[in-house]
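Please read the structure below before turning to the comments.
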Amino acid sequence: MRGWQENNPMAKTKIISPTKQKVLLLLAGGLTLSLTRSPRRYWKMVGAIAKEWRFIERNHLRRLVSEFYRDRLVEYRDNNDGTSVVISEGGRRLLRRFDFDQIKLTPPARWDKHWRLVVFDIPEHRRAARVALREKLKELGFRELQKSVLIHPFPCQNEIDFLVEFFEIRPHVRLIEASAITNEAEWLLKFNLRK
């Protein structure tokens, strides 16, 4: 894709559909669960994983798992209860590339003096996606201009594209690039920038 930075881990992500990404992340959920130390986070993940599995049609899931096996992203393992599907090392490498924890906005050497505004109007029935998007944007360094408008000074098109595809909220999110903003001096201070 255009504009991807070389040092950005998202830049080297193999292009796979959001549904495939979600299934891979859900399969990796078992590994993630075993690594978390917080009981609250553990049960939160269990609930989220269970909800997402219900939205994936079983036949589609079987086809995806077969495709993942052909691409060496998963392995089959026999156990007492039958056969399990586990993430392979290749699958783990791919997951690390589009893992939320690895998404970062790398400041360019020189600020281009443009502001990036993420504007969203996500319906109430998608409230969880709205809350998750807002939290992730703040984690990436965005600041609230208003409740559903967040601002950042650095390029972020690819990261925003990834997030809206993952949460399946593209129709409800806009990214705006602006060359000026009122109270700019205040925002320059908040982001520790000079014009």
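Here are the numbers:
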{"read-out": "Charge context of residue 195, other residues only, Cβ under 11 angstrom, K/R +1, D/E -1", "value": "+1"}
{"read-out": "Gained length - residue 81 relative to residue 138, 0.36 nm times residue gap less alpha-carbon distance", "value": "16.2 nm"}
{"read-out": "Derived scalar couplings ³J(HN,Hα) [the stretch 72-78; Karplus, 6.51 cos²θ - 1.76 cosθ + 1.60; whole Hz; x for Gly, Pro]", "value": "6, 8, 10, 10, 9, 10, 7"}
{"read-out": "Point-to-point label distance, residue 180-residue 88, nm (Cα→Cβ direction, 7 Å offset)", "value": "5.7 nm"}
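Only the coordinates and a few stated rules stand behind these numbers; no lab work does. Just so you know, these numbers come straight off a predicted model, no measurement behind them. Here Cβ is always computed from backbone atoms with ideal geometry, including for glycine, and neighbour counts include all displayed protein chains.
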